[in-house]
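Below is one structure, written out as structure tokens, with a few remarks after it.
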Ligand SMILES: [Zn+2]
């Protein structure tokens, strides 16, 4: 397992989060939510579903600890579809990573995303331009069907009482965890190499319990 972790770390280290998201999208073949789900699935394979996170309070800069709800590991990415509301019928496709990349450099990212996601909108069977009201309803619908597209947590600071929504991006967070874990495994390999002269393959081949015991014995 450590071996798989190290390989993943060394083949992806230094990649930009967008590049990670795009490569996860290629594998997942779909929406932003599907890409995040693919990254979270890899995260779960290595580290399980317990995830401690830190955010700094925008008001007082104090660190706030929180944990990711298990639900994010179980969410099923949505699919393209249609939204029916008060005589409106909106055919859409869920935004992809490519859409996000194009939108982020536009003056009005939201408008670009909407225009790329919208296939056709009709009101009482007549083609129509979206009104602000139907936009709000449609966006709420998109959040529902693709819950992992934007993962937001409601946080509250214990120090000053400020409450805010923090966005969690698996493509940024997971590489950090991978880096920390890889560093720890390599420091164990290093400690046992110094003490016993074992090579990396030998140490990685030990069960976690044996490795822990030897590390304890050499005081590492
Ligand atoms: Zn605060």
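The values are calculated or read from the model by the stated rules, or taken from the named source; none is laboratory data. As the structure is a computational prediction, the values presented were derived from the model and not from experiment. Quick reminder, even Gly has a Cβ in these numbers, built from the backbone with ideal geometry, and neighbours come from all protein chains shown.
Quick notes on this one:
- Filter result (touching a strand residue (DSSP E or B) at 6+ places or on another chain (Cβ under 6 Å) and either on the phi > 0 side of the Ramachandran plot or more than 10 Å from the ligand (Cβ to nearest atom) (or both)) within the stretch 155-174: 165, 166, 167, 168
- Test for residue 55: is it more than 16 Å from the ligand (Cβ to nearest atom), more than 13 Å from the chain's Cα centre (by Cα) and touching a residue at least 40 places away in the same chain (Cβ under 8 Å): no
- Residue list for the stretch 89-98, restricted to those being at pLDDT 90 or above and surrounded by 15 or more Cβ atoms within 10 Å (Cβ to Cβ): 89, 90, 92, 93, 94
- Pair list, Cβ under 8 Å, 6 or more apart: the stretch 135-164 residue within 21 Å of residue 87 (Cα to Cα), other residue in a helix (DSSP H, G or I): 135/114; 142/117
- Checked against the criterion of being without any contact (Cβ under 8 Å) to a residue 40 or more places away in the chain, in a helix (DSSP H, G or I), away from the ligand (no atom under 16 Å from the Cβ) and out of contact with any helix residue (DSSP H, G or I) (no Cβ under 6 Å at 6 or more places or on another chain), the candidates 50, 7 yield just one match: 7.
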